[in-house]
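Here is the structure we will look at.
Read-outs throughout are calculated quantities, based only on the coordinates presented, and are distinct from any laboratory measurement. This one's a predicted model, so the numbers in the text were calculated from it and none came from an experiment. Virtual Cβ from ideal backbone geometry, glycine too; neighbours counted across all protein chains shown.
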Amino acid sequence: MSAVIDTHAQDHHHGPAKGFTRWLYTTNHKDIGSMYLIFSFAMFLLGGTMAMVIRAELFQPGLQIVEPEFFNQMTTMHGLIMVFGAVMPAFVGLANWMIPMMIGAPDMALPRMNNWSFWLLPAAFLILISTLFMPGGAPNFGWTFYAPLSTTYGPPSTTFFIFAVHIMGVSSIMGAINVIATILNLRAPGMTLMKMPLFVWTWLITAFLLIAVMPVLAGVVTMMLMDINFGTSFFNAAGGGDPVLFQHVFWFFGHPEVYIMILPAFGAVSEIIPAFSRKPLFGYASMVYAVGAIALLSFVVWAHHMFTVGIPLAGELFFMYATMLIAVPTGVKVFNWVATMFRGALSFEAPMLFAVAFVILFTIGGFSGLMLAVAPADFQYHDTYFVVAHFHYVLVPGAIFGIFASAYYWLPKWTGHMYDETLAQTHFWLSFVGMNLAFFPMHFLGLAGMPRRIPDYALQFADFNMVSSIGAFMFGATQLLFLFIVVKCVRGGEKAAAKPWEGAEGLEWTLPSPAPYHTFATPPEIK
Amino acid sequence: MRVHAKRAGALLGASLVSSQAMADWTLNMAPGVTGTSNEIYGLHMTILWICVAIGIVVFGVMFWSIFAHRKSKGSKPAHFHENTVVEILWTIIPFVILVLMCIPATATLMDMYDSEESDIDIKVTGYQWKWKYDYINEEFGYFSNTTTPQDEIYNRVEKNEHYLREVDNPMVVPVDKKIRFLVTANDVIHSWWVPAFGVKKDAIPGFINETWTRIDEPGIYRGQCTELCGRLHGFMPVVVKAVPQDEYDAWVAEQVASAERERELTSKDWTLAELMERGEGVYNTNCAACHQANGEGMPPTFPALKGSRIAIEDMNAHLDVVVNGVSGSPMQAFGEQLSEADLAAVITYERNAWGNDTGEMVTPKEVFDYKNKE
């Protein structure tokens with residue numbers, strides 16, 4: 001349909017509106033993408049600040065800085081803000097910016113809905129963050145909000161938390177519908193499904209996961225709402241309810257959710273590694289099938305988060321086998337990335353550094369995931385710092401490094417300027433060292449027997465906690481450098497060529513840098 | 001990697017944590033004192049070494065590429081981008097490794113789930129924030145509360161060796177006997193964990209989970225609650241004392257006798273002063289975590305008792321709240337948790353402490369009548 005737009009529109013190119021209304025009313029995928037990215041970075045800093053409070057309290061045994069009730073609010077809000085405020089919106093921002101440009105579309109398929117799905121997010125997080133200032137404090141039951149701690153025993157602000165989750169869910173579902181509609185309908189002629197860049201493929205699959213599980217999350221928080229305010233007993237054993245039901249429903253959402261946070265990063269890394277290896281991606285088709293397999297398997301492994309709740313032996317065995325099976329397609333992806341680098345002509349600019357670190361450290365997180373899948377061993381690992389180490393290894397150098405790699409890779413296209421390579425490499429190395437210093441010792445702490453979500457600990461855990469806190473402070477402070485690098489790049493710098501990376505492939509590099517406000521009003525030719 | 005971690009750790013340790021004499025640099029899971037925990041340790045080490053081996057191969061190829069195939073070294077990129085044989089191989093080989101791994105894991109799991117034919121049954125109940133151990137066959141039970149002083153937690157005095165992992169009444173069990181645990185909870189979900197046994201089971205209200213252990217060596221084994229259960233989740237230790245059979249038998253006899261003495265307290269005549277004295281102890285163990293030692297609570301979740309209507313007006317309302325709890329709130333029903341003497345003492349205490357000064361008392365007999373009237 002975009003093929004009929006006449007060239008007249010391009011001649012009298014209308015740019016963005018002026019002032020605040022540009023951002024409030026915009027339906028432009030690039031503006032909305034930028035807003036998502038800025039919002040997510042703001043949430044990243046806020047959630048990170050909470051992590052700093054947590055690590056400061058855990059610097060030494062004893063209670064020094066915060067009381068246990070506030071500590072629990074910090075762990076809860078840190079998790080919620082990072083998952084729903086930082087990682088997910090960052091990938092939606094990248095999708096907004098890049099998907100139309102990668103498939104040769106003029107914009108997202110549903111631009112007004114795009115505007116609304118963004119503006120719901122600040123509203124949701126304003127509600128969520130305001131709970132910190134309510135009587136009784138913010139949610140304090142962990143980001144997994146297990147009932148009945150979050151229902152019968154929850155603080156009065158829980159109802160606001162539920163409302164915020166509902167709004168975030170609406171926003172995510174609309175974002176996902178938009179991505180699917182765009183990819184299925186607006187591809188340039190000749191851009192067949194199996195020619196799509198992997199970032200587009202992984203986002204297509206992620207969007208289906210979102211549509212499948214966000215309603216489940218909405219369902220579980222609605223049941224909580226009923227239990228708290230309308231006298232039902234879904235999760236209250238005293239009223240004939242079932243606290244374990246909560247965990248089944250939550251993790252039916254929660255496990256696909258963790259792939260929602262990592263699949264787009266897989267896609268981005270699959271763009272970046274070939275670009276800096278100057279060699280095509282190894283095993284494109286198997287990459288697509290592997291992502292599909294991971295997505296399907298993610299629906300049948302949820303109870304591996306619940307090995308100790310007392311599910312029957314047959315259930316334990318099924319979920320152990322299914323979970324281990326995920327290692328196969330995940331392994332295929334890692335092998336493909338390594339095979340792409342093998343006998344390439346590698347150079348290590350910031351995007352590549354983050355992408356290579358992604359592969360190495362995500363694999364380490366995958367290994368600890370495999371260990372956790374062994375159900376008998378999980379009885380020792382479960383709810384210890386080993387789990388904390390595991391999911392931070394897949395989320396920080398996984399999702400977050402994937403986002404940093406994407407940001408550096410596409411910043412020249414977005415801003416028209418090259419970022420400062422020296423500063424970016426400093427950002428990488430400080431992040432890399434800080435992150436490993438913060439999270440690697442957590443494996444040792446977990447294996448030595450330190451449970452998660454405690455504000456104070458026995459003395460044998462003191463040393464590694466101190467190391468971990470030092471690493472966390474280092475990682476946290478380093479992220480201010482990223483802010484500086486991006487601002488500097490937006491304001492000026494060396495002019496970026498249309499294709500600043502020698503080995504980069506894809507339609508986005510056929511456009512000038514910075515990308516004009518409207519692109520591909522006439523669809524490109526795909527050979 | 002291990003050596004590096006140790007070396008880096010030692011450096012940091014020397015410069016920063018010289019004051020923490022008790023701390024150590026444990027890197028790995030420790031084998032325990034039960035068959036289960038040793039099997040788990042074996043599985044853990046097997047899967048760890050499999051991961052290390054795969055890691056060496058994958059990262060080996062990767063680092064070779066990083067060093068040898070650099071553009072700056074004049075490497076010319078190859079153009080291959082698929083190889084069906086290789087792709088099938090690296091799908092099948094990991095699959096086979098996983099199947100092999102599942103065999104011992106399945107065997108261990110089946111063993112862990114076999115809690116039939118036990119010698120001793122102990123019901124473990126999680127409360128916010130303490131454990132109760134009921135010896136079902138011997139008909140006695142007791143609470144196990146943390147004994148770590150607030151002064152140590154708030155760094156006013158030096159912390160002792162078993163900081164946060166010490167209790168007033170540990171669970172006592174015999175060695176070389178199959179002990180079955182029936183695990184449940186009274187309020188929110190807790191999780192009972194003793195690492196040395198390889199036993200961790202969630203304590204869930206409305207459910208009774210089964211697990212078991214057989215301890216090889218006498219000793220004191222320490223763990224703690226591992227499921228976030230509210231404010232004092234980090235202050236809910238598990239301590240188990242494993243003793244030889246004859247020592248265990250003597251301990252059981254003493255517990256049975258002491259339970260009998262406790263029951264006799266109900267019929268004894270009490271004075272206000274005696275009840276106040278006993279009540280203060282009961283209050284500090286059971287109530288102060290929420291309502292605070294000074295009775296001021298933490299409104300709005302945990303209301304103040306000092307000057308509250310319930311504590312200074314109608315006695316029956318006060319009895320009702322303490323005995324039956326308040327449905328839909330964190331206030332538990334203490335009727336089954338505490339003896340009549342303790343209930344009477346704590347209610348009397350609450351009505352006369354912190355300037356409540358009603359001068360009223362309730363006797364254990366009256367509490368007994370109240371409970372049975374219902």
Taking Cα atoms, the helix A:263-277 axis meets the longest principal axis of chain A at an angle in degrees (rounded to 10) of 50 degrees
Prolate/oblate/rounded label for region B:28-112 (Cα gyration tensor, a/c 1.5)
oblate
Rounded to the nearest 20 debye, dipole of chain B from Cβ charges on Lys, Arg, Asp, Glu
2700 debye
Where does helix A:158-185 land angle-wise versus the long Cα axis of chain A, in degrees 0 to 90, nearest 10?
30 degrees
Taking a straight Cα-to-Cα line shorter than 16 Å from A:LYS195, and setting aside same-chain lysines fewer than 8 residues away, one finds A:LYS527
Relative contact order of region A:285-417: what whole-number percent is it, with Cα pairs under 8 angstrom and at least 6 residues apart?
28 percent
Which of the listed residues, B:ILE120, B:VAL322, A:MET191, is farthest toward the dipole's positive end in the protein assembly as shown, when Lys, Arg count +1 and Asp, Glu count -1 at the beta-carbon?
A:MET191
Past 20 Å, Cα to Cα, is the threshold; run A:LYS333/A:LYS499; A:LYS279/B:LYS73; B:LYS123/B:LYS371 against it and keep the listed order.
A:LYS333/A:LYS499; B:LYS123/B:LYS371
Neighbouring Cβ atoms within 10 Å as the yardstick, rank B:LYS306, B:LYS73 fewest first.
B:LYS73, B:LYS306
Neighbourhood net charge (15 Å Cβ-Cβ; Lys/Arg +1, Asp/Glu -1) for B:ILE310:
-3
Output the direction-averaged projected area (hull surface divided by four) of the convex hull of the alpha-carbon atoms of chain A, in nm².
24.3 nm²
What percent antiparallel are the DSSP beta bridges of region B:120-263, to the nearest 5?
70 percent
Report, in debye and to the nearest 20, how large the dipole of the protein assembly as shown comes out about its Cα centre when Lys and Arg carry +1 and Asp and Glu carry -1 on their Cβ.
4800 debye
Kindly work out what percent of the DSSP beta bridges joining two residues of the protein assembly as shown are antiparallel, to the nearest 5.
70 percent
So for A:THR27, A:THR330, fewest C-beta neighbours within 10 Å to most, what's the order?
A:THR27, A:THR330
Please name whichever of A:VAL244, A:VAL332, B:VAL256 sits farthest to the positive end of the charge dipole of the protein assembly as shown, dipole taken about the Cα centre and charges placed at Cβ: Lys and Arg +1, Asp and Glu -1.
A:VAL332
So, relative contact order of chain B in percent, Cα under 8 Å, 6 or more apart, is 12 percent
Label region B:210-322 by shape, choosing from rounded, prolate and oblate, from the square roots a ≥ b ≥ c of the eigenvalues of the Cα gyration tensor; if a/c is under 1.5 it is rounded, and otherwise prolate applies when a/b is larger than b/c, oblate when it is not.
oblate
Where nothing but the Cβ of Lys and Arg (+1) and of Asp and Glu (-1) is charged, how large is the charge dipole of region B:120-263 around its Cα centre, in debye to the nearest 20?
480 debye
At q = 0.05, 0.07, 0.10 1/Å the base-10 log of I(q)/I(0) from the Debye formula over the alpha-carbon atoms of the protein assembly as shown is -0.32, -0.60, -1.14
Tell me which lysines have Cα within less than 17 Å of B:LYS373's Cα, excluding those fewer than 8 residues away on the same chain?
B:LYS365
Nearest 10 degrees, 0 to 90: helix B:245-264 Cα axis against chain B principal axis:
30 degrees
Please tell me the relative contact order of region B:120-263 in percent, rounded to the nearest whole number, where contacts are Cα pairs under 8 Å and at least six residues apart.
26 percent
Honestly region B:268-373 on the Cα gyration tensor test (a ≥ b ≥ c root eigenvalues; a/c under 1.5 rounded, otherwise a/b vs b/c for prolate or oblate) is just oblate
Between the residues B:VAL175, B:ALA203, B:TYR163, the Cα farthest towards the positive end of the dipole of region B:120-263, that dipole coming from +1 and -1 charges on the beta-carbon of Lys, Arg, Asp and Glu, is from B:ALA203
Below 13 angstrom from the Cβ of B:GLN150, what's the summed charge of the other residues (Lys, Arg +1; Asp, Glu -1)?
-2
Would you kindly calculate the mean projected area, averaged across all directions, of the convex hull enclosing the Cα atoms of region B:120-263, in square nanometres?
9.0 nm²
Centroid-to-centroid separation of region B:259-290 and region B:42-75 [C-alpha atoms, Å]:
65 Å
